[in-house]
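What follows is a set of notes on a single structure, which appears directly below.
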Amino acid sequence: MTDSNAIIGRLGALFAESFHIEVPSPDTDLVETGMLDSFQFVELLLQLEQHFGFRIKIEDIDLDDLRTLARIARLVAVSGAAADRPSSVRRS
């Protein structure tokens, strides 16, 4: 299982480096506070894919999953675990 605190730390660094935003806490609402705009959300999805090695399908995006670092960390943990699973079993 992936350590969510480690993911939150990596996300905090990503926000500082990519968006020049210091998120005060893992539960800070990025939407309500206006920390991220719609263009930054698109960039966030790209950054998540690049930094964590998984792809988010557009139809699977739920804005609520991207509202806080804690929620994004859960998405990363779940998506990363799903990406690690083989999509099909090969038979010899």
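Laboratory data are not the source of any read-out in this text; all were calculated from the coordinates shown. Computed from a predicted model, the values in this text were never measured in an experiment. Cβ atoms come from the backbone with ideal geometry, glycine included; neighbour counts cover every protein chain shown.
Among the residues of region 40-49, are any in contact with a Ser or Thr (Cβ under 6 Å, 6 or more places away or on another chain), part of a helix (DSSP H, G or I) and closer than 18 Å to residue 77 by Cβ?
Quick first cut of region 40-49, residues in contact with a Ser or Thr (Cβ under 6 Å, 6 or more places away or on another chain) only: 47.
Now restrict to residues that are part of a helix (DSSP H, G or I): 47.
Checking the rest, the ones that are also closer than 18 Å to residue 77 by Cβ come to 47.
Yes; the residues of region 40-49 include at least one that is in contact with a Ser or Thr (Cβ under 6 Å, 6 or more places away or on another chain), part of a helix (DSSP H, G or I) and closer than 18 Å to residue 77 by Cβ.
Listed by first and then second residue, the pairs with beta-carbon distance under 7 Å, at least 6 apart or on different chains, first residue in region 42-69 and crowded, with 16+ Cβ neighbours inside 10 Å, second part of a helix (DSSP H, G or I) and among the polar types (S, T, N, Q), are 47/18; 54/79; 56/79.
Say we look at region 6-24 and pick out the residues that are of a type outside the set (Phe, Trp, Tyr) and touching a residue at least 40 places away in the same chain (Cβ under 8 Å); which of these is surrounded by the fewest Cβ atoms within 10 Å (Cβ to Cβ)?
Of the residues in region 6-24, the ones of a type outside the set (Phe, Trp, Tyr) are 6-14, 16-18, 20-24.
Among the residues that remain, those that are also touching a residue at least 40 places away in the same chain (Cβ under 8 Å) are: 7-8, 10-12, 23.
Values: 7: 21, 8: 20, 10: 15, 11: 24, 12: 18, 23: 21.
Top of the filtered list is 10.
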